[in-house]
Structure formats: structure tokens, C-alpha cells
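Heads up, the thing below is written out as C-alpha cells.
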Amino acid sequence: MLLRAVLTFPIRTVLEPLASSYKRQLAKQIAFHCGEGARVLDVGCNDGLVAYMIKEYEPSLAIVGVDVQARKPAMIKRILYDGRRLPFPDNSFDVVMANDVLHHVANMGWLLKEMRRVSKRYIIIKDHQKCAFFSQFFLSLADCFGNLPYGIPCVFNYKSLHEWAQLFGEADLKLAVGPENLELGFGLIRQHNPIFKLEKLNAQNL
Ligand SMILES: C[S@@+](CC[C@H](N)C(=O)[O-])C[C@H]1O[C@@H](n2cnc3c(N)ncnc32)[C@H](O)[C@@H]1O
């Protein structure tokens, strides 16, 4: 316990203030894409801080979270599930989002299809993008610092833009907006952090 506290001290003092401004910017951009009065599911909500911040930008949203663990108390209503089948009927939400979650999931295609199933129309993904030869190393390092000290397992499953497009196609999703970059940092830091707003291919038939 003491060793963990000592080892994570630099992370808590240096990286946590940075993480907080990262999450605020993320929340601001996602809130803009949710639309007024939407019922939103936050997949992999963790402590619900990002969802809470999103609601500060767009108070009309109703946001529920799901996660596979409850290491921290949640700031929004959070439901635990097995990581396979989302515990909701088809078409339950206007928007289903996953922020920095899919690269923690080995079978992200499966989770994308589940997100599609419970969404009436939109799916919002904030994740990482491999866009340079050192991306895998750079992103893995950032993931280790940002998640392992908090007990969040990493599987380092990063995709290039081309691979994202392929996954979205396989899940019958088309790009509605974006990808836009998280408006934080510069150059490669921004390019590594895309936001995709996706739409179900048959949404107009619902
Ligand atoms: C890096 S955190 C991101 C948390 C939050 N979305 C945010 O933006 O602050 C990744 C989260 O994904 C969760 N997670 C991992 N596998 C998952 C799965 N199959 N379904 C839902 N959540 C999952 C982890 O437990 C963790 O809370």
C-alpha cells in the first residue's frame, strides 16, 4: 500500500492536473455532439467524471453509465455488467458513447455491435489512432502511466484510421461527423486522439 502510494506520487501530482484538463476538453467536445435532451449511455464510464462534466456543458442530457468494475465511487448512475452484453433492450438510447474504452477491450468489434444494438441512432467514440511508426510505443507508455496505477487493465489495442474505418463498416456504422481531433496539445498529440460520431446505417428505418 505504502509502496503503491510512493510510486504513484509523481503521477498523482503531475499527471492528474493534466488529466483533468484533458477530460474537461473531451467533455466539452462530446457534449456538443450529443444534442439537446438526448438520453445517453456512457460505456466504460469508470467514476463518471467525464459524463458529469458533459452534463455541466449540456444539462438537458440524461446520462447513465456502465462499466465492468467499480474501483471508484461513481458521480453518475453506474450499472455493472459482464463486459459482453450491455444490459439494455435494443434502441434504448439516443446516443451511446465510449471514451477511451475500446483500446482496453480485446474484442472491440463485439462491443461496437453491442453499442450499435442499444443505440437508436448515434454512437460516439473517442479513442486513439496509430498514425506514426512509434504510435504503438507512445500510446502504450501513456496508457501505462494513465491507467495501470488506477488498476485499469490495458490490452494496448490501438487502430490506424484505416482499421477504425474497417471496424465501423463491419458493425454497420457510418461516419456522421469527423473524425475530429481532441483540441488539446499539438501535432501528433492531437492526431492520436480522434473523436468519431457514427450513425447506424439503418437509423432512418426506426
Ligand atoms: C481509460 S478508462 C476511461 C474511463 C472514462 N470513459 C473516461 O473517459 O474517463 C477505461 C474504462 O473502460 C472500462 N472497460 C474496460 N473494458 C470494458 C468493457 N468491455 N465494457 C465496458 N467498460 C470497459 C474500464 O473498466 C475503465 O473504467
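The figures follow:
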item	result
Theoretical FRET efficiency, 1/(1+(r/R0)^6), r = Cβ-Cβ of L18 and N202, R0 30 Å, to 0.05	0.15
Kirkwood-Stokes translational diffusion coefficient of the range 121-206, alpha-carbon pairs, 10 °C, 1.306 mPa s, µm²/s	113
Top positive-direction residue, dipole computed over the range 32-75 with Cβ charges, set V50, G37, L61	V50
Greater than 28 Å apart at Cα, pairs in K23/K130; K72/K174; K77/K126	K72/K174
Estimated distance in nm for a label pair at F156 and Q69, the labels positioned 7 Å out from Cα along Cα-to-Cβ	1.8
Relative contact order of the chain, pairs being alpha-carbon contacts under 8 Å that are 6 or more residues apart, as %	18
Cα Rg over Rh - the chain, Kirkwood	0.95
Using alpha-carbon coordinates, inclination of helix 135-147 to the longest axis of the chain, degrees	80
Prolate/oblate/rounded call for the range 1-123, Cα gyration tensor, a/c under 1.5 rounded	oblate
Whole-angstrom gap from the range 164-184 to the range 55-104, using each part's C-alpha centre	19
Hz values of 3J(HN,Hα) by residue in the range 57-71 - Karplus curve (6.51, -1.76, 1.60), Gly and Pro given as x	7, 9, x, 6, 6, 10, 10, 10, x, 10, 7, 9, 8, 9, 5
Check: the chain dipole with +1 on Lys, Arg Cβ and -1 on Asp, Glu Cβ, in debye	220
Most mobile listed residue (F134, F145, F88) in the chain, GNM with C-alpha springs under 10 Å	F134
Label-point gap, in nm, between Y57 and R85 - each point 7 angstrom along Cα→Cβ	3.4
Rounded to 5, the percent of DSSP beta bridges in the chain classed as antiparallel	40
In nm, spacing of pseudo-spin labels at L148 and C131 (7 Å Cα→C-beta vector)	2.6
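A short reminder: the numbers here are calculations on the coordinates, not readings from a lab. Note that this is a predicted model, so its numbers are computed, not measured. With ideal geometry, Cβ positions are generated from the backbone for all residues, glycine too; neighbour counts draw on all protein chains shown.
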